[in-house]
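Trainee: Mind looking over this structure? Questions follow.
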Amino acid sequence: MKKILTSALVLALSVGTLLGCAAKTSETPKAGEQAKTEKSDYPTKPIKLIVSFPAGGGTDLGARQLTPYLEKELGVPVVIENKAGGGGWVGYSQLLSSAPDGYTIGYVNTPGLITGYVNPTAQRKENLDSFEFIINHVKDAGVIAVRTDEKRFTDIKGLVEYAKKHELSASSNGVASGNHIAALQMNKELGTKFRSVHFGGTSEAITGVLGGHVDVLIAKVGEVKEPAADKQLKVLAVMMPERVPQFPDVPTVKEAVGVNIENYSIRGIAGPKGMDPKIVDKLQDAFEKAEKNAEHAKKMSDMGLNIDTTEGPDFKEMLKKEETNVIEMKKLLGW
């Protein structure tokens, strides 16, 4: 009898131990399972969106137009953090040093993103492979404009022919800026003789052109929209493969002179390398829906900014094309 009771006690303890383990297993998932659950629930807390330029600038304004729609798609706050300096690289460096968990992402802008590491004096090891490219937001098309009372040329074809024979000054926002590279591209591809005059910003450049101190304004669509509407400037050409809705009657350079000159600023979203593909997919889906929201698209168009939702590898290829253009200009830039 004693032996039977002892066996029953051992059996009861064994069953209890097994049930306890089962309960513990169901209550406490393994580390890998917990991480998987957290990723599938992403996002569960606010997301930081780094803008590598000052508040009130074009990138910042576009970001602040987008975030309310993005928050609706993601279900969490998206907090903009301005980190200006170094042509954008103060912010890019912070982005790259962040954990690749999807809670810190940021805008990347051309050409500064690329010139910031192609320029040998910068001595940066980072390049396009350092980032996880999520989705583009804006393609800000480059334009060529002159004063409305300009008599020497009245269209882009006339301007190009004149500039082949005479040196003309063209505005720039600094060495290796998009506008500077555009002038170098035209000199290289069209045989023009543009001499860049560097200003601290486009507003200064417009003042210089309107005052007759500079012959040609090279800028972006959003920057010339109002002065063109006020008949202060005449936009002669767009440096894009296709015309833009803000200036439907203005031809592309290729249309007018048969040579493709593309120059535009890309403003897209990236994260540090190593992000989980599922998180990237979720961000891409949310950003695309937010960007294509009709209300947001209209606000951006009214600002002169055209939405482009190129994603992932295709977005990176678009940037690689920009990288090739900058590298081809290295000799002309003195690099």
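Trainee: Using only the Cα atoms of region 154-226, what semi-axes does the equivalent ellipsoid have when each is the square root of 5 times a gyration tensor eigenvalue? Give whole Å, largest first. Could the numbers behind the result be given before it?
Mentor: On the way: eigenvalues 71, 37, 26 Å².
Taking √(5λ) for each eigenvalue gives 19, 14, 11 Å, largest first.
Trainee: Farthest toward the dipole's positive end in the chain, which of G271, G191, G142, given Cβ charges of +1 (Lys, Arg) and -1 (Asp, Glu) about the Cα centre?
Mentor: Farthest along the dipole direction, towards plus: G271.
Trainee: Please report, in whole Å, how far the alpha carbons of the chain spread along each principal axis, starting with the longest.
Mentor: 119, 42, 33
Trainee: With only Lys, Arg, Asp and Glu charged, each at its Cβ (+1 for the first two, -1 for the last two), find how big the charge dipole of region 87-200 is about the Cα centre; round to the nearest 20 debye.
Mentor: Values: 12 positive and 11 negative charges, 125 e Å.
Dipole of region 87-200, to the nearest 20 debye: 600 debye.
Trainee: So what's region 229-335 giving for Cα Rg divided by 2.2 N^0.38 Å, two decimals?
Mentor: Details: Rg = 17.2 Å, N = 107, 2.2 N^0.38 = 13.0 Å.
After normalising by residue count via 2.2 N^0.38 Å, the value is 1.32.
Trainee: For the chain, what relative contact order do you get, as a whole percent, if you take Cα pairs closer than 8 Å and at least 6 residues apart?
Mentor: Numbers: 571 pairs, mean separation 81.7, N = 335.
Answer for the chain is 24 percent.
Trainee: If you don't mind, there's one more thing I want to ask. Amide H to amide H under 5 Å from L236: which residues, 5+ apart in sequence or cross-chain, H placed 1.01 Å off N in plane?
Mentor: Here I144, A145, V146 satisfy the definition.
Trainee: Given 0.36 nm per residue, what is the gain on full extension from L333 to D249 after removing their alpha carbon distance, in nm? Spell out each step's value before the answer.
Mentor: On the way: separation 84, 0.36 × 84 = 30.24 nm, distance 3.34 nm.
Contour length minus the Cα-Cα distance gives 26.9 nm.
Trainee: Pairs of Cα atoms under 8 Å, at least six residues apart: use those to get the relative contact order of region 66-144, whole percent. Mind dumping the intermediate values first?
Mentor: Numbers: 37 pairs, mean separation 14.2, N = 79.
That works out to 18 percent.
Trainee: Using the 2.2 N^0.38 Å rule of thumb for compact globular proteins, work out how region 244-283 stacks up: its C-alpha Rg over that value, please. Could you put the intermediate results ahead of the total?
Mentor: On the way: Rg = 17.9 Å, N = 40, 2.2 N^0.38 = 8.9 Å.
Region 244-283 yields a ratio of 2.00.
Trainee: Kindly flag which residue pairs out of K48/K289; K83/K273; K225/K321; K165/K316 have an alpha-carbon separation exceeding 30 Å in this structure. Please report the intermediate quantities before stating the final value.
Mentor: Values: K48/K289 19 Å; K83/K273 20 Å; K225/K321 27 Å; K165/K316 39 Å.
Cα-Cα > 30 Å for K165/K316; rest within.
Trainee: Also, I was wondering about something else. Find, among the trypsin sites (Lys or Arg not before Pro) in region 270-335, those assigned to loop by DSSP (not H, G, I, E, B) with at most 10 other beta-carbon atoms within 10 angstrom. List each step's numbers first, then the result.
Mentor: Values: sites: K273, K278, K282, K289, K292, K298, K299, K316, K320, K321, K330, K331; in loops: K273, K292, K330, K331.
The qualifying sites are K331.
Trainee: Modelled label-to-label distance, E161 and A99, 7 Å Cα→beta-carbon offset: nm?
Mentor: Going from the E161 label point to the A99 one covers 6.4 nm.
Trainee: When the chain is fully extended, how far beyond the present Cα-Cα distance does D149 get from I80, taking 0.36 nm per residue of separation?
Mentor: Working: separation 69, 0.36 × 69 = 24.84 nm, distance 4.24 nm.
Difference between extended and current length: 20.6 nm.
Trainee: Please give the calculated 222 nm ellipticity per residue for the chain, where each DSSP H segment of at least 4 residues contributes -39500 (n - 2.57) and the sum is spread over every residue; nearest 500 deg cm²/dmol? Display every interim value, and only then the final one.
Mentor: Numbers: 13 runs with 156 residues, N = 335.
My calculation for the chain gives -14500 deg cm²/dmol from helical runs alone.
Trainee: Looking at the chain, what % of its DSSP beta bridges pair antiparallel, to the nearest 5? Write down the numbers at each step before the final one.
Mentor: Values: 26 of 41 bridges.
Antiparallel: roughly 65 percent of the beta bridges in the chain.
Trainee: Another one. What percent do you get for the relative contact order of region 190-335 when only Cα pairs under 8 Å and 6+ apart count?
Mentor: Working: 79 pairs, mean separation 21.7, N = 146.
Taking the mean separation of contacting Cα pairs over the length of region 190-335, I get 15 percent.
Trainee: So, with a 1.4 angstrom probe, what is the percent of accessible area on the chain that is carbon and sulfur?
Mentor: Numbers: 8730 of 16420 Å².
Ligands and nucleic acids excluded, carbon and sulfur give 53 percent.
Trainee: Where in the chain are the DSSP H helices whose alpha-carbon span along the long axis reaches 18 Å or more and whose Kyte-Doolittle mean is at least 0.0? Working shown, then result.
Mentor: Details: long enough: 2-27 (38 Å, 0.96); 58-74 (24 Å, -0.62); 277-291 (21 Å, -0.79); 312-328 (24 Å, -1.07).
Once both thresholds are applied, what remains is 2-27.
Trainee: Tell me, what is the 1.4 Å probe accessible area of L236, in Å² to the nearest 10?
Mentor: Per-residue accessible area (L236): approximately 10 Å².
Trainee: Which of the trypsin sites (Lys or Arg not before Pro) found in region 80-156 are in a DSSP loop and have at most 16 neighbouring Cβ atoms, other than their own, within 10 Å? Please list the in-between numbers first.
Mentor: Values: sites: K83, R124, K125, K139, R147, K151, R152; in loops: K83, R124, K125, K151, R152.
Here the sparse-neighbourhood loop sites are R124, K125, K151, R152.
Trainee: What are the principal axis extents of the Cα atoms in region 149-288, in Å, biggest first?
Mentor: 57, 32, 29
Trainee: What is the P(r) of region 63-162, as percent of Cα-Cα pairs per 5 Å bin from 0?
Mentor: Bins of 5 Å from zero give 2, 9, 16, 17, 14, 10, 8, 9, 7, 5, 2, 0 percent of pairs.
Trainee: Let me ask something additional. State the extension gain, in nm to one decimal, for the chain segment bounded by K125 and D281, taking 0.36 nm per residue of separation less the distance between their alpha-carbons. Let's see the in-between values first.
Mentor: On the way: separation 156, 0.36 × 156 = 56.16 nm, distance 2.77 nm.
Net length gain for the segment: 53.4 nm.
Trainee: Report, in debye and to the nearest 20, how large the dipole of the chain comes out about its Cα centre when Lys and Arg carry +1 and Asp and Glu carry -1 on their Cβ. Let's see the in-between values first.
Mentor: Values: 42 positive and 42 negative charges, 142 e Å.
I would put it at about 680 debye.
Trainee: From the alpha carbon gyration tensor of region 188-236, can you work out the equivalent ellipsoid semi-axes (sqrt of 5 times each eigenvalue) and give them in Å, largest to smallest? It would help to have the intermediate numbers written out before the result.
Mentor: On the way: eigenvalues 73, 36, 22 Å².
So the three semi-axes of region 188-236 are 19, 13, 10 Å.
The values are calculated or read from the model by the stated rules, or taken from the named source; none is laboratory data. Remember, predicted model here, so these are calculated numbers, not experimental data. Here Cβ is always computed from backbone atoms with ideal geometry, including for glycine, and neighbour counts include all displayed protein chains. Quick note on the areas: whole protein, heavy atoms, side chains included, nothing else; ligands and nucleic acids left out. Shrake-Rupley method; radii C 1.70, N 1.55, O 1.52, S 1.80 Å.
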